[in-house]
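Down below is the structure, laid out as C-alpha coordinates.
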Amino acid sequence: MIAIKEKFYITTAIDYPSGLVHLGHAYEKTTSDVIARWNRFLGNETFFATGLDCHGLKIQRTAEKNGMKPADFVKKNAESFHTLVKEWNISNDDFIMTTEDRHKKVAQEIFKKLNDNGDIYLGEYEGLYCTECEAYYLEKDLKDGKCPVHDKVPELIKEESYFFKMSKYQDKLLKYFEENKNFVLPLGKRKEILNRLKEPLKDLSVSRTSFDWGIKVPVNEKHIMYVWIDALTNYLTIIDYPNEKFKKFWPADAHVIGTDILWFHSVIWPCILFSAGIDPPKTVFVHGFINTESGDKMSKSKGTVIDPIEIGKKYGADSLRYFLVREIPFGQDGNFSEALLKERVNNELANDLGNLLNRAIVMVEKYSAGKIPAGKTDENLQKELNLEKIQKHMGKFELHHGLSEIWLFVNAVNKFINDKKIWELKGEEQQNALYSITDSLRIIANLLNPFIPSTADEIAKQLGTSLEGANACKFNLLKEGTNVNKGEVLFKKIE
Ligand SMILES: [Zn+2]
(Lines give C-alpha, C1' and ligand atoms only; values in the text may rest on other atoms or scores of the structure.)
Protein backbone atom coordinates (compact mmCIF):
# COMPACT_ATOMS: atom_id res chain seq x y z
CA MET A 1 0.00 0.00 0.00
CA ILE A 2 2.79 2.44 -0.69
CA ALA A 3 1.67 5.42 -2.68
CA ILE A 4 3.78 7.45 -5.03
CA LYS A 5 4.05 10.84 -3.38
CA GLU A 6 1.65 13.15 -5.08
CA LYS A 7 -0.04 16.40 -4.29
CA PHE A 8 -3.69 16.32 -3.33
CA TYR A 9 -5.98 19.33 -3.08
CA ILE A 10 -9.48 18.90 -1.71
CA THR A 11 -12.13 21.48 -0.88
CA THR A 12 -15.55 21.52 0.70
CA ALA A 13 -18.02 23.99 -0.68
CA ILE A 14 -17.84 27.26 1.20
CA ASP A 15 -20.89 27.52 3.43
CA TYR A 16 -23.39 30.30 3.44
CA PRO A 17 -23.50 31.80 6.92
CA SER A 18 -27.05 33.15 6.71
CA GLY A 19 -27.95 30.87 9.61
CA LEU A 20 -26.24 28.50 12.00
CA VAL A 21 -24.53 25.21 11.20
CA HIS A 22 -26.54 22.07 10.57
CA LEU A 23 -25.73 18.40 10.20
CA GLY A 24 -25.28 18.71 6.42
CA HIS A 25 -22.34 21.05 6.95
CA ALA A 26 -20.81 18.60 9.42
CA TYR A 27 -21.29 15.74 6.98
CA GLU A 28 -19.62 17.49 4.06
CA LYS A 29 -16.68 18.56 6.22
CA THR A 30 -16.29 15.12 7.80
CA THR A 31 -16.28 13.18 4.55
CA SER A 32 -13.85 15.67 2.99
CA ASP A 33 -11.72 15.42 6.10
CA VAL A 34 -11.60 11.62 5.83
CA ILE A 35 -10.42 11.93 2.22
CA ALA A 36 -7.83 14.57 3.15
CA ARG A 37 -6.53 12.51 6.06
CA TRP A 38 -6.48 9.39 3.89
CA ASN A 39 -4.22 11.18 1.44
CA ARG A 40 -1.92 12.33 4.22
CA PHE A 41 -1.92 8.74 5.46
CA LEU A 42 -0.74 7.68 1.99
CA GLY A 43 2.05 10.23 2.18
CA ASN A 44 0.57 12.62 -0.35
CA GLU A 45 1.21 16.31 0.13
CA THR A 46 -2.30 17.39 0.94
CA PHE A 47 -4.11 20.69 1.14
CA PHE A 48 -7.63 20.76 2.55
CA ALA A 49 -9.69 23.92 2.25
CA THR A 50 -12.98 25.03 3.73
CA GLY A 51 -14.62 28.35 4.54
CA LEU A 52 -17.55 30.70 4.17
CA ASP A 53 -19.28 32.39 1.27
CA CYS A 54 -20.16 35.73 2.83
CA HIS A 55 -21.56 38.01 0.13
CA GLY A 56 -24.82 38.46 -1.69
CA LEU A 57 -28.30 39.84 -1.47
CA LYS A 58 -29.59 37.14 0.84
CA ILE A 59 -26.95 37.84 3.50
CA GLN A 60 -27.54 41.58 3.14
CA ARG A 61 -31.29 41.15 3.63
CA THR A 62 -31.03 38.69 6.51
CA ALA A 63 -28.55 40.98 8.24
CA GLU A 64 -30.90 43.96 7.81
CA LYS A 65 -33.79 41.94 9.18
CA ASN A 66 -31.67 41.27 12.26
CA GLY A 67 -30.80 44.95 12.54
CA MET A 68 -27.15 44.31 11.78
CA LYS A 69 -24.55 45.33 9.24
CA PRO A 70 -23.78 42.47 6.86
CA ALA A 71 -20.13 42.38 7.94
CA ASP A 72 -21.06 42.04 11.63
CA PHE A 73 -23.77 39.53 10.85
CA VAL A 74 -21.35 37.34 8.91
CA LYS A 75 -18.74 37.57 11.64
CA LYS A 76 -21.24 36.52 14.27
CA ASN A 77 -22.57 33.55 12.32
CA ALA A 78 -19.05 32.48 11.36
CA GLU A 79 -18.38 31.52 14.97
CA SER A 80 -20.51 28.40 14.86
CA PHE A 81 -18.70 27.21 11.71
CA HIS A 82 -15.36 27.66 13.41
CA THR A 83 -16.64 25.77 16.44
CA LEU A 84 -17.87 22.94 14.23
CA VAL A 85 -14.48 22.58 12.55
CA LYS A 86 -12.77 22.43 15.91
CA GLU A 87 -15.19 20.14 17.72
CA TRP A 88 -15.44 17.64 14.89
CA ASN A 89 -11.68 17.45 14.54
CA ILE A 90 -11.65 18.69 10.95
CA SER A 91 -8.07 18.97 9.72
CA ASN A 92 -8.46 21.81 7.21
CA ASP A 93 -5.22 23.60 6.36
CA ASP A 94 -6.90 26.98 6.00
CA PHE A 95 -10.30 28.58 6.43
CA ILE A 96 -11.37 31.29 4.02
CA MET A 97 -13.99 34.00 4.28
CA THR A 98 -14.80 35.73 1.03
CA THR A 99 -14.82 39.07 2.86
CA GLU A 100 -11.03 38.83 3.26
CA ASP A 101 -8.79 41.18 1.27
CA ARG A 102 -6.77 38.32 -0.20
CA HIS A 103 -9.96 37.02 -1.77
CA LYS A 104 -11.18 40.36 -3.06
CA LYS A 105 -7.90 40.70 -4.92
CA VAL A 106 -8.12 37.28 -6.59
CA ALA A 107 -11.81 37.57 -7.49
CA GLN A 108 -11.15 40.90 -9.19
CA GLU A 109 -8.08 39.55 -10.93
CA ILE A 110 -10.06 36.66 -12.39
CA PHE A 111 -12.85 39.00 -13.49
CA LYS A 112 -10.24 41.17 -15.20
CA LYS A 113 -8.87 38.13 -17.00
CA LEU A 114 -12.28 37.25 -18.39
CA ASN A 115 -12.71 40.87 -19.44
CA ASP A 116 -9.26 41.12 -21.05
CA ASN A 117 -10.04 37.96 -22.90
CA GLY A 118 -13.09 39.62 -24.49
CA ASP A 119 -15.54 37.36 -22.65
CA ILE A 120 -17.35 40.11 -20.71
CA TYR A 121 -19.90 42.52 -22.23
CA LEU A 122 -22.44 44.97 -20.88
CA GLY A 123 -26.13 44.20 -21.38
CA GLU A 124 -29.42 44.25 -19.60
CA TYR A 125 -30.83 41.42 -17.67
CA GLU A 126 -34.43 40.71 -16.85
CA GLY A 127 -35.26 37.56 -15.04
CA LEU A 128 -36.85 35.67 -12.21
CA TYR A 129 -34.44 35.75 -9.33
CA CYS A 130 -34.50 33.59 -6.22
CA THR A 131 -32.64 35.46 -3.51
CA GLU A 132 -32.20 32.25 -1.52
CA CYS A 133 -30.38 30.56 -4.40
CA GLU A 134 -28.77 33.82 -5.55
CA ALA A 135 -29.72 32.64 -9.01
CA TYR A 136 -32.01 33.47 -11.87
CA TYR A 137 -34.56 30.88 -12.96
CA LEU A 138 -36.17 30.19 -16.27
CA GLU A 139 -39.95 29.93 -16.21
CA LYS A 140 -39.74 26.26 -17.19
CA ASP A 141 -37.43 25.39 -14.31
CA LEU A 142 -39.84 26.69 -11.67
CA LYS A 143 -42.20 24.36 -9.84
CA ASP A 144 -45.73 25.80 -9.80
CA GLY A 145 -44.16 29.21 -10.38
CA LYS A 146 -41.86 28.79 -7.38
CA CYS A 147 -38.18 28.12 -6.86
CA PRO A 148 -37.85 24.31 -6.86
CA VAL A 149 -35.32 24.41 -4.03
CA HIS A 150 -36.94 26.98 -1.75
CA ASP A 151 -40.60 26.81 -2.71
CA LYS A 152 -40.68 30.61 -2.94
CA VAL A 153 -41.99 32.82 -5.74
CA PRO A 154 -38.93 34.42 -7.39
CA GLU A 155 -38.76 38.17 -7.99
CA LEU A 156 -38.77 39.72 -11.46
CA ILE A 157 -35.58 41.77 -11.63
CA LYS A 158 -34.42 44.01 -14.48
CA GLU A 159 -30.99 45.57 -14.33
CA GLU A 160 -27.94 46.63 -16.26
CA SER A 161 -25.53 43.76 -16.04
CA TYR A 162 -22.26 42.46 -17.32
CA PHE A 163 -22.44 39.14 -19.06
CA PHE A 164 -19.90 36.35 -19.36
CA LYS A 165 -19.79 34.61 -22.74
CA MET A 166 -20.32 31.19 -21.30
CA SER A 167 -21.89 29.99 -24.56
CA LYS A 168 -18.46 30.26 -26.16
CA TYR A 169 -17.16 27.42 -23.99
CA GLN A 170 -19.85 24.83 -24.43
CA ASP A 171 -17.92 22.65 -26.89
CA LYS A 172 -14.77 22.87 -24.83
CA LEU A 173 -16.72 21.88 -21.73
CA LEU A 174 -18.33 18.90 -23.46
CA LYS A 175 -14.92 17.79 -24.64
CA TYR A 176 -13.62 18.06 -21.08
CA PHE A 177 -16.49 15.88 -19.88
CA GLU A 178 -15.75 13.39 -22.65
CA GLU A 179 -12.06 13.17 -21.81
CA ASN A 180 -12.53 13.11 -18.04
CA LYS A 181 -15.00 10.41 -17.09
CA ASN A 182 -14.56 11.20 -13.39
CA PHE A 183 -15.08 14.92 -13.72
CA VAL A 184 -18.49 14.64 -12.06
CA LEU A 185 -19.13 11.83 -9.61
CA PRO A 186 -21.22 9.82 -8.88
CA LEU A 187 -21.90 8.93 -12.51
CA GLY A 188 -25.65 9.53 -12.15
CA LYS A 189 -24.91 13.18 -11.47
CA ARG A 190 -22.62 13.37 -14.47
CA LYS A 191 -25.47 12.10 -16.63
CA GLU A 192 -27.84 14.74 -15.25
CA ILE A 193 -25.45 17.53 -16.20
CA LEU A 194 -24.69 16.06 -19.61
CA ASN A 195 -28.43 15.94 -20.30
CA ARG A 196 -28.78 19.59 -19.43
CA LEU A 197 -25.81 20.37 -21.66
CA LYS A 198 -27.69 19.07 -24.69
CA GLU A 199 -29.33 22.49 -24.77
CA PRO A 200 -27.26 25.51 -25.74
CA LEU A 201 -25.57 27.32 -22.86
CA LYS A 202 -26.73 30.87 -22.28
CA ASP A 203 -24.37 33.69 -21.43
CA LEU A 204 -24.26 34.35 -17.72
CA SER A 205 -25.17 37.57 -16.01
CA VAL A 206 -22.19 38.23 -13.74
CA SER A 207 -22.87 41.54 -12.05
CA ARG A 208 -25.58 43.35 -10.11
CA THR A 209 -26.33 46.98 -9.43
CA SER A 210 -29.31 46.39 -7.12
CA PHE A 211 -27.33 45.80 -3.92
CA ASP A 212 -23.83 46.50 -2.68
CA TRP A 213 -22.80 43.66 -0.32
CA GLY A 214 -20.12 42.08 -2.45
CA ILE A 215 -16.94 42.60 -4.41
CA LYS A 216 -16.86 45.46 -6.90
CA VAL A 217 -16.45 44.72 -10.60
CA PRO A 218 -12.94 45.98 -11.36
CA VAL A 219 -13.90 47.66 -14.65
CA ASN A 220 -16.99 49.45 -13.29
CA GLU A 221 -17.40 50.11 -9.60
CA LYS A 222 -21.15 50.66 -9.89
CA HIS A 223 -21.41 46.91 -10.33
CA ILE A 224 -21.07 44.18 -7.75
CA MET A 225 -19.80 40.80 -8.86
CA TYR A 226 -22.38 38.06 -9.12
CA VAL A 227 -21.96 36.14 -5.90
CA TRP A 228 -21.14 32.86 -7.62
CA ILE A 229 -18.20 34.28 -9.55
CA ASP A 230 -16.95 35.68 -6.28
CA ALA A 231 -17.57 32.45 -4.35
CA LEU A 232 -16.10 29.98 -6.83
CA THR A 233 -12.81 31.82 -7.05
CA ASN A 234 -12.25 31.10 -3.33
CA TYR A 235 -10.72 27.79 -4.42
CA LEU A 236 -7.94 29.79 -6.08
CA THR A 237 -7.57 32.41 -3.34
CA ILE A 238 -6.98 29.91 -0.59
CA ILE A 239 -4.01 28.38 -2.39
CA ASP A 240 -2.56 31.81 -3.08
CA TYR A 241 -3.29 32.20 -6.78
CA PRO A 242 -1.19 32.79 -8.89
CA ASN A 243 1.84 32.01 -6.72
CA GLU A 244 3.84 28.95 -5.68
CA LYS A 245 1.17 27.19 -3.64
CA PHE A 246 -1.29 27.54 -6.49
CA LYS A 247 1.24 26.14 -8.95
CA LYS A 248 1.79 23.17 -6.70
CA PHE A 249 -1.79 22.32 -5.79
CA TRP A 250 -3.98 23.37 -8.72
CA PRO A 251 -6.01 21.80 -10.33
CA ALA A 252 -8.11 20.74 -7.36
CA ASP A 253 -8.31 16.97 -7.09
CA ALA A 254 -11.78 17.11 -5.56
CA HIS A 255 -14.44 19.70 -4.87
CA VAL A 256 -16.87 18.00 -2.47
CA ILE A 257 -20.31 19.61 -2.74
CA GLY A 258 -24.05 19.12 -2.35
CA THR A 259 -26.23 18.49 -5.37
CA ASP A 260 -27.93 21.91 -5.24
CA ILE A 261 -24.73 23.63 -6.38
CA LEU A 262 -23.59 21.09 -8.96
CA TRP A 263 -24.41 23.28 -11.98
CA PHE A 264 -22.22 26.08 -10.66
CA HIS A 265 -19.29 23.74 -10.06
CA SER A 266 -19.52 21.53 -13.12
CA VAL A 267 -20.58 24.07 -15.76
CA ILE A 268 -20.06 27.69 -14.73
CA TRP A 269 -16.78 27.13 -12.87
CA PRO A 270 -14.93 25.26 -15.65
CA CYS A 271 -16.10 27.84 -18.20
CA ILE A 272 -14.71 30.67 -16.03
CA LEU A 273 -11.45 28.76 -15.71
CA PHE A 274 -11.26 28.10 -19.45
CA SER A 275 -11.63 31.81 -20.09
CA ALA A 276 -8.98 32.64 -17.47
CA GLY A 277 -6.60 30.08 -18.97
CA ILE A 278 -6.66 27.83 -15.91
CA ASP A 279 -7.29 24.07 -15.92
CA PRO A 280 -10.63 22.87 -14.48
CA PRO A 281 -10.75 20.75 -11.31
CA LYS A 282 -10.26 17.00 -11.73
CA THR A 283 -13.35 15.86 -9.86
CA VAL A 284 -16.51 17.41 -8.53
CA PHE A 285 -17.95 14.92 -6.07
CA VAL A 286 -21.60 15.24 -5.08
CA HIS A 287 -22.62 13.88 -1.69
CA GLY A 288 -26.20 13.16 -0.63
CA PHE A 289 -28.55 14.75 1.85
CA ILE A 290 -29.07 13.56 5.40
CA ASN A 291 -32.70 12.91 6.26
CA THR A 292 -34.51 11.91 9.42
CA GLU A 293 -34.80 8.27 10.42
CA SER A 294 -38.02 7.93 8.46
CA GLY A 295 -36.37 9.43 5.38
CA ASP A 296 -38.04 12.86 5.59
CA LYS A 297 -36.20 16.10 5.05
CA MET A 298 -35.01 17.63 8.33
CA SER A 299 -37.14 20.67 8.96
CA LYS A 300 -37.03 23.57 11.37
CA SER A 301 -40.80 23.74 11.74
CA LYS A 302 -41.02 20.04 12.64
CA GLY A 303 -38.13 20.39 15.06
CA THR A 304 -36.12 17.68 13.31
CA VAL A 305 -33.05 19.79 12.55
CA ILE A 306 -29.92 18.50 14.29
CA ASP A 307 -27.34 20.85 15.77
CA PRO A 308 -24.02 19.16 15.05
CA ILE A 309 -22.23 21.05 17.81
CA GLU A 310 -24.71 19.91 20.42
CA ILE A 311 -24.68 16.23 19.41
CA GLY A 312 -20.92 16.41 18.96
CA LYS A 313 -20.63 17.37 22.62
CA LYS A 314 -23.09 14.67 23.64
CA TYR A 315 -21.62 11.69 21.77
CA GLY A 316 -18.10 12.74 20.83
CA ALA A 317 -16.82 13.57 17.37
CA ASP A 318 -15.47 10.11 16.56
CA SER A 319 -18.82 8.39 17.16
CA LEU A 320 -20.51 10.79 14.77
CA ARG A 321 -17.74 10.72 12.21
CA TYR A 322 -17.82 6.93 12.24
CA PHE A 323 -21.59 6.77 12.01
CA LEU A 324 -21.96 9.22 9.13
CA VAL A 325 -19.22 7.65 7.02
CA ARG A 326 -20.26 4.06 7.69
CA GLU A 327 -24.03 4.46 7.55
CA ILE A 328 -24.44 6.66 4.49
CA PRO A 329 -23.02 5.43 1.18
CA PHE A 330 -20.95 8.40 0.02
CA GLY A 331 -22.79 9.98 -2.89
CA GLN A 332 -26.24 8.85 -1.79
CA ASP A 333 -28.82 10.22 0.60
CA GLY A 334 -28.99 8.67 4.05
CA ASN A 335 -30.84 8.84 7.33
CA PHE A 336 -29.78 9.99 10.75
CA SER A 337 -31.27 9.43 14.16
CA GLU A 338 -29.90 8.96 17.64
CA ALA A 339 -31.36 5.44 17.67
CA LEU A 340 -29.38 4.50 14.54
CA LEU A 341 -26.29 6.12 16.02
CA LYS A 342 -26.68 4.20 19.26
CA GLU A 343 -26.84 0.89 17.43
CA ARG A 344 -23.60 1.43 15.55
CA VAL A 345 -21.75 2.96 18.49
CA ASN A 346 -22.72 0.15 20.85
CA ASN A 347 -22.23 -2.76 18.45
CA GLU A 348 -19.32 -1.64 16.37
CA LEU A 349 -17.34 0.97 18.24
CA ALA A 350 -17.88 -0.21 21.83
CA ASN A 351 -18.07 -3.97 21.20
CA ASP A 352 -16.10 -4.80 18.07
CA LEU A 353 -13.33 -2.26 18.51
CA GLY A 354 -13.36 -1.05 22.12
CA ASN A 355 -13.65 -4.53 23.65
CA LEU A 356 -11.02 -5.86 21.28
CA LEU A 357 -8.47 -3.34 22.49
CA ASN A 358 -9.47 -3.89 26.09
CA ARG A 359 -9.13 -7.66 25.83
CA ALA A 360 -5.79 -7.35 24.10
CA ILE A 361 -4.33 -5.05 26.74
CA VAL A 362 -5.69 -7.13 29.62
CA MET A 363 -4.17 -10.30 28.15
CA VAL A 364 -0.80 -8.64 27.59
CA GLU A 365 -0.84 -7.60 31.24
CA LYS A 366 -1.87 -11.02 32.40
CA TYR A 367 0.23 -13.29 30.21
CA SER A 368 3.18 -11.09 29.29
CA ALA A 369 3.77 -8.84 32.30
CA GLY A 370 2.40 -5.80 30.45
CA LYS A 371 5.00 -5.98 27.68
CA ILE A 372 4.47 -6.74 23.98
CA PRO A 373 5.82 -10.29 23.65
CA ALA A 374 8.21 -11.48 20.99
CA GLY A 375 6.35 -13.21 18.22
CA LYS A 376 5.17 -13.41 14.64
CA THR A 377 1.70 -12.51 13.44
CA ASP A 378 -0.35 -15.52 12.40
CA GLU A 379 -0.21 -15.96 8.61
CA ASN A 380 -3.86 -16.86 8.25
CA LEU A 381 -4.86 -13.80 10.21
CA GLN A 382 -2.65 -11.66 7.96
CA LYS A 383 -4.62 -12.88 4.96
CA GLU A 384 -7.80 -11.43 6.44
CA LEU A 385 -6.57 -7.89 5.80
CA ASN A 386 -7.15 -6.80 2.22
CA LEU A 387 -5.24 -3.55 1.87
CA GLU A 388 -5.60 -3.37 -1.90
CA LYS A 389 -9.35 -3.53 -1.62
CA ILE A 390 -9.45 -0.81 1.04
CA GLN A 391 -7.19 1.37 -1.07
CA LYS A 392 -9.27 0.81 -4.18
CA HIS A 393 -12.48 1.84 -2.44
CA MET A 394 -10.91 4.92 -0.94
CA GLY A 395 -9.46 5.94 -4.31
CA LYS A 396 -12.96 5.81 -5.76
CA PHE A 397 -14.43 7.89 -2.91
CA GLU A 398 -16.27 4.81 -1.62
CA LEU A 399 -15.55 5.76 1.97
CA HIS A 400 -18.32 3.56 3.38
CA HIS A 401 -16.89 0.49 1.62
CA GLY A 402 -13.37 1.37 2.71
CA LEU A 403 -14.46 1.56 6.33
CA SER A 404 -16.52 -1.65 6.10
CA GLU A 405 -13.52 -3.44 4.65
CA ILE A 406 -11.35 -2.30 7.58
CA TRP A 407 -14.07 -3.55 9.89
CA LEU A 408 -13.92 -7.01 8.36
CA PHE A 409 -10.39 -7.16 9.67
CA VAL A 410 -11.42 -5.86 13.11
CA ASN A 411 -13.85 -8.74 13.32
CA ALA A 412 -11.32 -11.22 11.98
CA VAL A 413 -9.09 -10.31 14.94
CA ASN A 414 -12.03 -10.77 17.30
CA LYS A 415 -12.68 -14.19 15.79
CA PHE A 416 -8.99 -15.05 16.08
CA ILE A 417 -9.08 -14.39 19.84
CA ASN A 418 -12.13 -16.55 20.32
CA ASP A 419 -10.89 -19.38 18.09
CA LYS A 420 -7.40 -19.50 19.57
CA LYS A 421 -8.54 -19.44 23.19
CA ILE A 422 -5.36 -17.66 24.17
CA TRP A 423 -6.00 -18.31 27.86
CA GLU A 424 -5.59 -22.02 27.19
CA LEU A 425 -2.35 -21.66 25.23
CA LYS A 426 1.17 -21.87 26.65
CA GLY A 427 4.66 -20.59 25.89
CA GLU A 428 5.59 -19.59 22.38
CA GLU A 429 2.17 -20.38 20.98
CA GLN A 430 0.54 -18.02 23.43
CA GLN A 431 3.12 -15.32 22.76
CA ASN A 432 2.61 -15.55 19.01
CA ALA A 433 -1.14 -15.29 19.44
CA LEU A 434 -0.79 -12.26 21.71
CA TYR A 435 1.65 -10.67 19.31
CA SER A 436 -0.75 -11.31 16.39
CA ILE A 437 -3.54 -9.44 18.14
CA THR A 438 -1.56 -6.41 19.23
CA ASP A 439 0.30 -6.12 15.94
CA SER A 440 -3.02 -6.27 14.09
CA LEU A 441 -4.50 -3.61 16.36
CA ARG A 442 -1.53 -1.39 15.55
CA ILE A 443 -2.36 -1.67 11.84
CA ILE A 444 -6.05 -1.10 12.55
CA ALA A 445 -5.20 2.11 14.41
CA ASN A 446 -3.22 3.38 11.43
CA LEU A 447 -6.03 2.52 9.02
CA LEU A 448 -8.71 4.10 11.19
CA ASN A 449 -6.77 7.30 11.76
CA PRO A 450 -8.38 9.13 8.80
CA PHE A 451 -11.86 8.17 10.02
CA ILE A 452 -11.71 8.42 13.82
CA PRO A 453 -8.44 10.21 14.57
CA SER A 454 -8.75 10.62 18.36
CA THR A 455 -9.61 6.95 18.79
CA ALA A 456 -6.74 5.87 16.56
CA ASP A 457 -4.37 7.94 18.68
CA GLU A 458 -5.70 6.36 21.85
CA ILE A 459 -5.29 2.81 20.50
CA ALA A 460 -1.71 3.55 19.50
CA LYS A 461 -1.02 5.06 22.91
CA GLN A 462 -2.38 2.05 24.77
CA LEU A 463 -0.25 -0.24 22.59
CA GLY A 464 2.82 1.88 23.35
CA THR A 465 3.31 2.77 19.70
CA SER A 466 2.57 5.71 17.38
CA LEU A 467 0.71 6.27 14.12
CA GLU A 468 2.83 6.24 11.02
CA GLY A 469 0.49 5.99 8.05
CA ALA A 470 0.40 3.59 5.14
CA ASN A 471 4.00 2.47 5.42
CA ALA A 472 3.24 1.10 8.88
CA CYS A 473 0.47 -1.11 7.54
CA LYS A 474 2.72 -4.15 7.29
CA PHE A 475 2.69 -6.98 9.78
CA ASN A 476 5.33 -7.74 12.40
CA LEU A 477 6.40 -4.14 12.95
CA LEU A 478 5.22 -3.88 16.55
CA LYS A 479 8.27 -3.71 18.81
CA GLU A 480 8.59 -6.46 21.39
CA GLY A 481 9.22 -5.44 24.95
CA THR A 482 7.18 -2.22 24.68
CA ASN A 483 5.02 -1.50 27.70
CA VAL A 484 1.30 -1.30 27.04
CA ASN A 485 -0.65 1.48 28.77
CA LYS A 486 -4.09 0.44 29.84
CA GLY A 487 -6.43 3.40 29.47
CA GLU A 488 -10.07 4.32 29.52
CA VAL A 489 -12.53 2.27 27.47
CA LEU A 490 -12.62 3.64 23.93
CA PHE A 491 -16.39 4.03 23.71
CA LYS A 492 -18.93 4.00 26.47
CA LYS A 493 -22.17 2.31 25.49
CA ILE A 494 -25.08 4.64 24.85
CA GLU A 495 -27.99 3.78 27.16
ZN1 LIG B 1 -34.22 29.16 -4.41
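For a quick check: with amide H placed at 1.01 Å from N, whose amide H comes under 5 Å from Asp212's, ignoring anything fewer than 5 positions away on the same chain?
Hits under the 5 Å cutoff: none.
Can you compute the charge dipole magnitude of the chain about its Cα centre, using +1 on each Lys and Arg Cβ and -1 on each Asp and Glu Cβ, nothing else charged? Give it in debye, rounded to the nearest 20.
Here the chain has a charge dipole of around 500 debye.
Roughly speaking, what is the stretch gain from Lys112 to Leu156, that is 0.36 nm per residue apart minus the C-alpha to C-alpha distance, in nm to one decimal?
Gain in length upon complete extension: 13.0 nm.
Run through all the Cα pairs of the stretch 303-345 and give the fraction in each 5 Å bin from 0, expressed as whole percent.
5, 20, 34, 27, 13, 1
Taking Cβ-Cβ under 4.7 Å as the only way to count a partner, pick out the unpartnered cysteines of the chain.
Unpaired cysteines in the chain: Cys54, Cys271, Cys473.
Alpha carbon centre of the stretch 99-164 versus the stretch 425-495: separation in Å?
What the calculation gives is 54 Å, centre to centre.
Note the full-extension length gain between Phe95 and Ser337 as 0.36 nm times their separation in residues minus their Cα-Cα distance, in nm to one decimal.
Computed gain between Phe95 and Ser337 is 84.2 nm.
With label points built 7 Å along Cα→Cβ from the Cα atoms of Arg102 and Glu365, find their separation and express it in nm.
For the pair Arg102/Glu365, the computed spacing is 4.8 nm.
Assign one of three labels to the stretch 7-287, namely rounded, prolate or oblate, based on the Cα gyration tensor with a ≥ b ≥ c the square roots of its eigenvalues; rounded applies when a/c is under 1.5, prolate when it is not and a/b is larger than b/c, and oblate otherwise.
Rounded is the answer for the stretch 7-287, as its axis ratio a/c remains below 1.5.
For a 31 Å ceiling on Cα separation, which of these pairs sit above it: Lys152/Lys342; Lys152/Lys313; Lys297/Lys493; Lys376/Lys486; Lys76/Lys247?
Table pairs above 31 Å Cα-Cα are Lys152/Lys342; Lys152/Lys313; Lys76/Lys247.
How high is the FRET efficiency from Glu199 to Ser466, r the C-beta distance, R0 56 Å, rounded to 0.05?
Step by step, r from the Cβ atoms, then E = 0.50.
If each of Glu495 and Glu132 carries a label point 7 Å out from its Cα toward its Cβ, how far apart are those two points in nm?
Here the answer is 4.0 nm between the modelled labels.
Leu174 to Val149: extension gain in nm, 0.36 nm per residue of separation minus the Cα-Cα distance?
Length gained between Leu174 and Val149: 6.4 nm.
I'd like to check one number: the per residue accessible area of the chain, probe 1.4 Å, reported in Å² as a whole number.
On a per-residue basis, the chain sits at 44 Å².
Rounded to the nearest 500, what is the 222 nm mean residue ellipticity of the chain from helices alone, with -39500 (n - 2.57) per DSSP H run of 4+ residues and division by all residues?
-13000 deg cm²/dmol
Set Lys and Arg Cβ to +1 and Asp and Glu Cβ to -1, take the dipole of the chain about its Cα centre, and tell me which of Ile406, Ile110, Leu138 lies farthest positive.
Of the options given, the answer is Ile406.
By the gyration tensor of its Cα atoms, with a ≥ b ≥ c the square roots of the eigenvalues, what is the shape of the stretch 20-153: rounded for a/c under 1.5, prolate for a/b over b/c, or oblate?
In terms of gyration-tensor shape, prolate.
For the stretch 337-472, what relative contact order do you get, as a whole percent, if you take Cα pairs closer than 8 Å and at least 6 residues apart?
Relative contact order here is 26 percent.
Which one, Ala78, Thr98, Asn182, projects farthest toward the positive side of the charge dipole computed for the stretch 7-287 from Cβ point charges (K/R +1, D/E -1)?
Looking along the dipole axis, the top candidate is Asn182.
For the stretch 337-472, build the charge dipole from Cβ charges (+1 Lys, Arg; -1 Asp, Glu) around the Cα centre, then report which of Val364, Gln391, Leu441 sits farthest towards its positive end.
The residue sitting farthest along the positive end of the dipole is Val364.
Which ³J(HN,Hα) values in Hz, rounded to whole numbers, follow from the phi angles of the stretch 233-239 under the Karplus curve 6.51 cos²θ - 1.76 cosθ + 1.60, where θ = phi - 60° and Gly and Pro get x?
Whole-Hz 3J(HN,Hα) from phi for the stretch 233-239: 5, 4, 5, 8, 4, 5, 9.
Counting only protein heavy atoms and a 1.4 Å probe, tell me what percentage of the chain's accessible area is made up of carbon and sulfur.
So the carbon and sulfur contribution to the accessible surface is 47 percent.
Is the stretch 272-386 best put as rounded, prolate or oblate by its Cα gyration tensor, with a ≥ b ≥ c the root eigenvalues, rounded for a/c under 1.5, and otherwise prolate when a/b is larger than b/c, oblate when not?
Taking the square roots of the gyration eigenvalues as a ≥ b ≥ c, the stretch 272-386 is oblate.
Given Cβ point charges of +1 (Lys, Arg) and -1 (Asp, Glu) and nothing else, what value in debye, to the nearest 20, does the dipole of the stretch 132-226 about its Cα centre take?
It comes to approximately 440 debye.
Can you give the relative contact order of the stretch 395-495 as a percent, counting alpha carbon pairs under 8 Å and 6+ residues apart?
Result for the stretch 395-495 is 22 percent.
What nm value, rounded to one decimal, do you get for the distance between Asn182 and Lys245 when each label is placed 7 Å out toward the C-beta?
Placing both labels 7 Å along Cα→Cβ, they lie 2.5 nm apart.
Counting only C-alpha contacts under 8 Å and six or more residues apart, can you give the relative contact order of the chain as a whole percent?
It rounds to 16 percent for the chain.
Which cross-chain or sequence-distant (5 or more) residues have an amide H under 5 Å from the amide H of Glu160, H modelled 1.01 Å from N in plane?
Here the answer is Tyr125, since their amide H atoms fall under 5 Å of that of Glu160.
The values are calculated or read from the model by the stated rules, or taken from the named source; none is laboratory data. Because the structure is predicted, anything quoted here is derived from the model rather than measured. Glycine gets a Cβ as well: all are built from the backbone with ideal geometry, and neighbour counts include every protein chain shown. Ligands, DNA and RNA are excluded from the accessible area calculation, which covers all protein heavy atoms including side chains. Shrake-Rupley method; radii C 1.70, N 1.55, O 1.52, S 1.80 Å.
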